[in-house]
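Report on one structure; see the data block that follows.
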Amino acid sequence: MVSATTNRRQRAALYRLVGEGVLTAEQAEAALAALRRSEPRRGVPAGAPRETAGYVGGALVLAGGGLLAELTYETLARSTRAGILLGVTLLFAVTARYLLGRWYERRERTNVPGARRRLAALLFALGALTGGSAVWVAVAEHASLSATVTGLVLALLGYLAVPAPAGLLATAVAAVATVHSFTDFWFRESLPGGPSAPEFAHSELTGVLLLVVGTLWCVLALRRALAAPTFALSLGVVVVLLGSVWVSSLGRTWWGHALALVVAGLLLAGFVSRRELVLLVGGVVGLVMVVRDTVPDLLGEVGVSVLVLLVGALVLLFGAFAVRRPGETSSAPSDTGSPEGTGRDGTNSGATG
């Protein structure tokens with residue numbers, strides 16, 4: 001749209017010169033043709049095929065390395081399979097470092113073109129996956145915890161090198177996996193044969209830790225301390241909801257249900273305060289999960305379901321009414337025919353209604 005408007009203006013300006021006798025019609029057409037050739041072409045950007053080739057190459061390297069390790073699982077030694085994954089990790093890291101250019105000038109990070117930054121961030125994220133897998137293959141004891149911690153460290157380093165959504169996603173996944181591996185290690189290996197502590201068991205501890213991680217993540221995102229704040233906040237809300245599920249749905253304790261209800265309330269309060277849509281979605285999803293898990297356990301199935309449905313309908317109608325009323329008030333002046341929304345005496349005609 002902007003290009004078409006500019007062309008019309010250029011054509012009009014050139015033909016004004018033709019009318020004034022400064023240019024001939026042939027010269028004006030030649031000038032317009034030169035301007036059209038100088039404009040960037042629409043369609044696929046010039047660098048898109050190269051960037052796509054980088055993504056496809058990274059995916060093929062990841063698939064090939066994983067397939068090789070799987071097919072040779074019985075024939076190759078553990079150290080050899082780990083070495084293959086480690087080699088793939090180093091390939092990802094070196095390629096990403098090459099894409100970023102010089103490392104000793106901090107300002108270079110912000111000057112790297114978008115395609116190179118995106119591809120480098122993806123390669124660092126894939127490197128966290130293959131690096132953690134290499135540790136999982138190489139380590140005989142506590143392999144899960146060692147692998148997830150390694151993946152988390154590599155994901156964090158990759159994000160610090162290139163703050164981008166791919167690094168955020170890799171870090172969030174690695175953090176959730178690390179929390180789960182830690183609680184599994186704590187209950188199954190640190191306390192072998194000991195009491196299972198049913199009042200605070202595996203599910204509850206996992207949920208509480210995920211709630212802590214997700215809350216810190218959301219705070220950093222709301223403070224704009226993370227790249228792509230909206231995407232980062234979405235990841236934090238997902239982690240919080242995962243913690244709520246672990247505490248309420250899997251734990252099935254009264255305090256777990258209460259904690260999940262508090263989490264849903266805080267998400268909704270955060271939406272009221274910050275007007276972030278993802279907080280509203282997270283609060284509604286959390287509230288639905290709490291009602292689904294808690295109410296049938298306490299008061300039965302069918303009757304309570306009908307009661308919840310009716311209460312929800314009433315709350316929905318009340319919310320729609322409350323949202324609609326300010327809109328009617330603010331739109332009243334425009335219906336009177338006065339563009340400024342004022343009466344003849346200069347006062348706001350909608351304020352007196």
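The values are calculated or read from the model by the stated rules, or taken from the named source; none is laboratory data. None of the values given here were measured: they were computed from a predicted structure. Glycine gets a Cβ as well: all are built from the backbone with ideal geometry, and neighbour counts include every protein chain shown. We work out accessible area using only protein heavy atoms, side chains counted, and drop any ligands, DNA or RNA first. Shrake-Rupley method; radii C 1.70, N 1.55, O 1.52, S 1.80 Å.
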- request: Search the stretch 223-240 for residues that are farther than 12 Å from LEU279 by Cβ and pair each with any residue that is assigned to a loop (DSSP other than H, G, I, E, B) when their beta-carbon atoms are under 7 Å apart and the residues are at least 6 apart or on different chains.
  value: ALA227/PRO163; ALA227/ALA164; ALA232/LEU226
message: Which numbered condition in (1) assigned to a helix (DSSP H, G or I); (2) among the hydrophobic types (A, V, I, L, M, F, W, C); (3) touching a residue at least 12 places away in the same chain (Cβ under 8 Å) is the only one that ALA258 fails?
response: (3)
- prompt: Restricting attention to the stretch 228-255, which residues are of a type in the set (Val, Ile, Thr) and either open to solvent by less than 20 Å² (accessible area, probe 1.4 Å) or assigned to a helix (DSSP H, G or I) (or both)?
  reply: THR230, VAL237, VAL238, VAL239, VAL240, VAL245, VAL247
field: Residue list for the stretch 209-227, restricted to those being among the hydrophobic types (A, V, I, L, M, F, W, C) and open to solvent by 40 Å² or more (accessible area, probe 1.4 Å)
entry: LEU209, VAL212, VAL213, LEU216, VAL219, LEU220, LEU222, ALA225
